[in-house]
1. Could you give the longest part of the chain that holds none of the trypsin sites (Lys or Arg not before Pro) found in DSSP loops with at most 14 neighbouring Cβ atoms within 10 Å?
2. Label-point separation (nm) for Glu225 and Ala84, each offset 7 Å from Cα along Cα-to-Cβ?
3. As a check on your grasp of the helix formula, calculate [θ] at 222 nm for the chain: sum -39500 (n - 2.57) over DSSP H runs of n ≥ 4, divide by the residue count, round to the nearest 500.
4. Over the Cα atoms of the range 219-277, Rg to Rh with Kirkwood Rh, two decimal places?
5. Does anyone have the angle between helix 257-266 and the longest principal axis of the chain? Alpha-carbon axes, 0 to 90°, nearest 10?
6. As I understand it, the dipole of the chain uses +1 on the Cβ of Lys and Arg and -1 on the Cβ of Asp and Glu, about the Cα centre. Which of Tyr95, Val233, Leu203 lies farthest toward its positive end?
7. Report the normalised scattering of the range 61-189 as log10 I(q)/I(0) at q = 0.09, 0.10, 0.12 Å⁻¹, calculated by the Debye formula with identical scatterers on the alpha carbons.
8. How long are the three semi-axes of the equivalent ellipsoid of the chain, in whole Å, if each is the root of 5 times an eigenvalue of the C-alpha gyration tensor, listed from largest down?
Amino acid sequence: MPVILAEDIARRYGETVALDGVSLSIDEGEVFALVGPNGAGKTTLVRALTGTTDAEGTVEVFGESPRTVDRERIGLLPQEFRPAERLTARELVAYYGGLYESARDPESVLADVGMAEDAQTHYEDLSGGQQRRTCVATALVNDPDLLVLDEPTTGIDPAGRRTLWRLLERLAEAGTTIFITTHYMEEAQRLADRVGLLADGELVAVDSPDALVDRYGGESLLRIEGDMVDGTVDRLAYPAEETESGLTVRNVPPTEIGSVVETLAAAGVDYDSLTWTDPDLEDVYLELTGREVTASGESIAREELTAGDTAGTNPAPEGASDEEVSS
């Protein structure tokens, strides 16, 4: 039996469609990442799956309605979570632990999220990243079978993010089922057994990161910056085309970059730089939706990328709270 089973989930705010017939199934011990920009519907889906908002369709968690399932089995971190600021990190974790019949020792949970040294600091005096790690600790204190994290690493510095990634990997290895939303493609690609790509309330693809990249990611690219010599393209063993700044060679295996360099040298090409990139989930999302997700979670259309435009926001629909439509 799946830990989470959702069928044809829909949610509207007036004329705005937040979710449009989303169906998914998550197995025990699986790490599932829901990826999409701000406004895609991620938070609304989290709320539907955990029974904190009404939605059309059917949702089961551990074979029950999310509103009747044993709350001891679930750890939930909403995107918008504002605990009492005058409590210390230790006091916050102890408070939330006290809401359950059995809970982990707050000290061990704080150590897991890298907050042991700052346990006595008041929440309001913590940095944004420390606050978010403390919030993750409150979702772990009941040692849940299912952990639901909505944008858990937003605002956390790269070192802190890697600390949480390692923690989630350990939890997954121990059998915890994890559902995570994120707009960080690297995060999803590293952590998830399967990834769901959400765009405008629709789940456009679901599969393992590698399978999605293989199917939709496109080609590897070797970009060479410099002055080309006539006939260089014809000398190469891989498809290539000249660009305004140099040359782009397609589908070059990393082991064959040296042979391309030798060919350039033989042709008398003097290049300034050479960059090889492999397709990833960012390329997949762009291919399937025509949009790129920025580091801040904004969505930029392909034509805006081409024009060099960095604008692009989604207004909140009438009747919905900001946090409910911001992910």
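1. Between the exposed loop sites, the longest stretch runs 87-327.
2. Here the answer is 5.4 nm between the modelled labels.
3. The helix contribution divided over the chain gives -8500 deg cm²/dmol.
4. Checking Rg against Rh, the ratio lands at 0.90.
5. It is inclined by approximately 30 degrees.
6. After comparing all options, I get Tyr95.
7. So the normalised log intensities are -0.23, -0.29, -0.42.
8. So the three semi-axes of the chain are 42, 23, 19 Å.
FYI, it's all coordinate maths here, none of it is from the lab. As the structure is a prediction and not an experimental result, all values here were calculated from the model. Don't worry about glycine lacking a Cβ; one is built from the backbone with ideal geometry, like all the others, and counts go over all protein chains shown.
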